[in-house]
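One structure below.
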Amino acid sequence: MYVLGIESSCDETAAAIVNEKKEIISQSLWTQIEDHKVFGGVVPEIAARAHLEHIDEIINHTLQKANLQPEDIDAFAASSGPGLIGGVVIGVMAAKALCLALNKPFIAVNHLEGHALAPRLTGDVKYPYLLLLVSGGHCQILIVKGVGDFERLGTTIDDAAGEAFDKVSKMLNLGYPGGPMIEKMAEIGDEDRFVLPHPLANSGDCNLSFSGLKTAVRKIIESYSPDGDIKNSILDKKDTADICASFQKAVADSLIHKLEKAIKIFKQKYPEGKDIVVSGGVAANTYLRKKMAALAENEGLIFSAPPIRFCTDNGVMIAWAGMERFQKGLFNELDFKPRPRWPLDENAPKAAGAGGVKA
């Protein structure tokens, strides 16, 4: 049984084929980082044009690497939101065209569910589990009870953690994407040099905030400017490394503090749950992984994370989420509309039936 998944929700054009045995048959990816680096972030129009230019090539290459023909695929899945709508539409239309031509089921995958279920492909993670989903555009703490069945315990009320990493990196002129740049500099920095706030630390809930933390970093950088203009700040390598280390620690500590609250709720509601998982682009941060692994050990839970190469957007996670939906008969009509916004804790769409696609 084969499912081909397509990812095009942001700045990666990707496809992959997986089977029901959790085997990755093939995968291909075209990254647009160089296209957007000069702008310090993703430009939606440039991203959409790049997806359109490369998507056919990526799909064909994925099939060729697997030594499979399109008709050998049992279902086609596409990241159908949330994301930059131009790119989402391109991936969805490519998948729909294949389904229509081959009379195969179409599966609309919530991009966030792709991240959420990825650890089940690469590890022995069982429902229910506690999930920290942390990326450039999203930051949520959820209980994953099953396919399409999520209970949100907390979310960011402003910036996502990954967005804060990118913006701080831009302030420090480190480049894009910001997460890897800051993590690299933080390795040689003193994380205790600058005292930074932990927003919402005393809120009593599991919600997060990173806007105030980002502003606090900006004020530190401005203090190194003779006229208070951040553009004129004079920072040496040590200053920059110390800011990066202090910022990274503040982000991780904020996440861990909220996860401690979430674990209490999780254990009370689901005492049979044994797994705590981190997924999404920021899950590639090894500092955060170590903090979460230590937390899991202290709480008697099993910590899991996808391999770093599967933390950022990729076709494998969409294919696997598609496979889990395929096995439950959760297909979608071909008139499904791509969604720029799609809360993960919404109810899953009803199955279209085991007979295949309904046009």
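Key figures
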read-out: Unique match (being in contact (Cβ under 8 Å) with a residue 12 or more places away in the chain, part of a helix (DSSP H, G or I), under 30 Å from Val125 (Cβ atoms) and not small (Gly, Ala, Ser)) among Lys214, Lys264, Lys238, Lys258; value: Lys258
read-out: Near pairs, Cβ below 9 angstrom, 6+ apart or cross-chain, from segment 25-48 (modelled with pLDDT of 90 or more) to any residue that is aromatic (Phe, Trp, Tyr); value: Ile25/Tyr2; Ile46/Phe39
read-out: Unmet requirement for Gln140, which otherwise passes all of (1) within 22 Å of Ser225 (Cα to Cα); (2) at pLDDT 95 or above; value: (1)
read-out: Unique match (being open to solvent by less than 10 Å² (accessible area, probe 1.4 Å), in contact with a Gly (Cβ under 7 Å, 6 or more places away or on another chain) and modelled with pLDDT of 95 or more) among Ala319, Ala296, Ala252; value: Ala319
read-out: Segments classed as helices (runs of 4 or more DSSP H), wholly inside segment 39-122, with at least 2 members that are over 15 Å from Asn314 (Cα atoms) and in contact with a strand residue (DSSP E or B) (Cβ under 6 Å, 6 or more places away or on another chain); value: 44-66, 85-102
read-out: Single condition Lys21 does not satisfy, out of (1) open to solvent by 60 Å² or more (accessible area, probe 1.4 Å); (2) assigned to a loop (DSSP other than H, G, I, E, B); (3) in contact (Cβ under 8 Å) with a residue 24 or more places away in the chain; (4) not β-branched (Val, Ile, Thr); value: (3)
read-out: Number of positions in segment 24-47 that are under 16 Å from Pro180 (Cα atoms), open to solvent by less than 80 Å² (accessible area, probe 1.4 Å) and more than 17 Å from the chain's Cα centre (by Cα); value: 2
read-out: Single residue of segment 217-232 satisfying the filter (among the polar types (S, T, N, Q) and part of a loop (DSSP other than H, G, I, E, B)) that is farthest from Phe247 (Cα to Cα); value: Ser225
read-out: Selected residue [at pLDDT 95 or above and open to solvent by less than 60 Å² (accessible area, probe 1.4 Å)] from Ile221, Ile230; value: Ile221
read-out: In segment 116-139, residue nearest to the chain's Cα centre (by Cα) [restricted to those that are over 15 Å from Met292 (Cβ atoms) and among the aliphatic types (A, V, I, L, M)]; value: Ala116
read-out: Extreme residue, nearest to Ala250 (Cα to Cα), among residues of segment 181-192 that are open to solvent by 90 Å² or more (accessible area, probe 1.4 Å) and assigned to a loop (DSSP other than H, G, I, E, B); value: Asp192
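The values are calculated or read from the model by the stated rules, or taken from the named source; none is laboratory data. Only a predicted model underlies this, so the values are computations on that prediction, with no experimental measurement involved. Cβ atoms come from the backbone with ideal geometry, glycine included; neighbour counts cover every protein chain shown. Protein only, heavy atoms only, side chains kept; ligands, DNA and RNA dropped before computing areas. Shrake-Rupley method; radii C 1.70, N 1.55, O 1.52, S 1.80 Å.
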